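The values are calculated or read from the model by the stated rules, or taken from the named source; none is laboratory data. Values in this document were obtained by computation on a predicted structure and should not be read as measured data. Here the Cβ positions follow ideal geometry from the backbone for every residue, glycine too, while neighbour counts run over all protein chains shown. These area figures cover heavy atoms from the full protein model, side chains too; ligands, DNA and RNA do not enter into them. Shrake-Rupley method; radii C 1.70, N 1.55, O 1.52, S 1.80 Å.
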Amino acid sequence: MRSISTINSSELSRSTDMGNKQIKQHLETAQKTGVLKISLQRLQEFPPQLKSYPNVLKTLDLSENRFESVPDELGRLTMLKHLNLSGNRLSELNEVVGELVKLEVLLLMNNFLTKLPKSLNNCTHLKTVNLCNNQLKEFPTMLCGLKQLDVLDLSRNQITDVPAEVGNLYVTELNLNQNQISALAEEIADCPKLKTLRLEENCLQAIALTPRILKDSKISNLAVDGNLFNSKQFTDLDGYDVYMERYTAVKKKMF
C-alpha cells in the first residue's frame, strides 16, 4: 500500500504534466490567433517557451498566477495590444514594458506594485490602464501626456496627493477612490477631456475642491462621498452651481 505522501507526489506530477500540456496547446493555438491566455495556472515563472516565442501575440493574459517579476523577454512581444497581469504578486514592473509601443490595454489590478517604470510614457497608444488594488504611494505622472489614454483606474492604492502634472492627463475618466489623498492640485481643471473624477473615501477637506476646479474644468461627474466634509459643505462651495450646470446638462443628454 502506497503512503499518502507518495500519492500526493504522483498526483502533483500528473497535475504538472497536464498543466504543461495545456500550456503547450495554448501556445500552438496562439500562433494562429495571436491570443494567448494562461490564467489561473498557479505559475510562479513565465513559461520558458515564451522566451523564444514568435512575435505574433496581440493579446497576452497571464492573470491570476503567482508571478513576482516580469522577464526581459516580454519586451520582444512588440505586437502586443492587450496585456493582462492582474492577480499576481508583482511589486515592480520591468522597464521593458515600455518597449510594448503598440499596447492599448494594460491590466495590473490586484498586485503589490509600489511604483511604475518611467518607460511607460513610451506606450503612446495606451487607452486603458487599470492599477486598482496595489500599493502605489505616488501618482504615476509618466502616464500624463499620453493622448490616447481614456480611462485610468488608481483606486484602492495609498496615493496621498495629486500633483500639478495631472493637468496633462488626457483621460475622460479618472478613478482615485479609496486612497489617502489629502491634496488635490487645481491643475486638474486643465485636463482637456476629464468628465468623470472619482475621489470617494479619501482624506480631502472641502477647500481642496477650489473654484477653479468646479468652475473651469470639464468635470461633469464628481464623486466625493466619504471624505472629511459633508454634503452641505460641498454644495456651499464657490463654483458648485457651475459644476451642477454641467452635471445636469450631461444627465439631460442621457435621457
Carbon + sulfur, % of accessible area of the stretch 34-252 - ligands and nucleic acids excluded, 1.4 Å:
45 percent
For the chain, what relative contact order do you get, as a whole percent, if you take Cα pairs closer than 8 Å and at least 6 residues apart?
9 percent
Flagged as over-length at 19 Å C-alpha distance, from Lys102/Lys147; Lys195/Lys215; Lys147/Lys195; Lys147/Lys215; Lys195/Lys252, the pairs are Lys147/Lys215
For the stretch 81-175, rounded, prolate or oblate, judged on the Cα gyration tensor with a ≥ b ≥ c (square roots of eigenvalues), a/c < 1.5 rounded, else prolate if a/b > b/c?
rounded
Taking only Cα atoms, what is the 0 to 90° angle, nearest 10, from helix 4-33's long axis to the longest principal axis of the chain?
70 degrees
Measuring from its Cα centre, the chain shows a charge dipole (+1 at each Lys and Arg Cβ, -1 at each Asp and Glu Cβ) which, in debye to the nearest 20, is 960 debye
Using a 10 angstrom cutoff on alpha carbons, build the Gaussian network for the chain and name the most mobile of Leu103, Leu27, Leu40.
Leu40
Find the accessible area per residue for the stretch 34-252; the probe is 1.4 Å, ligands and nucleic acids are left out, and the unit is Å².
47 Å²
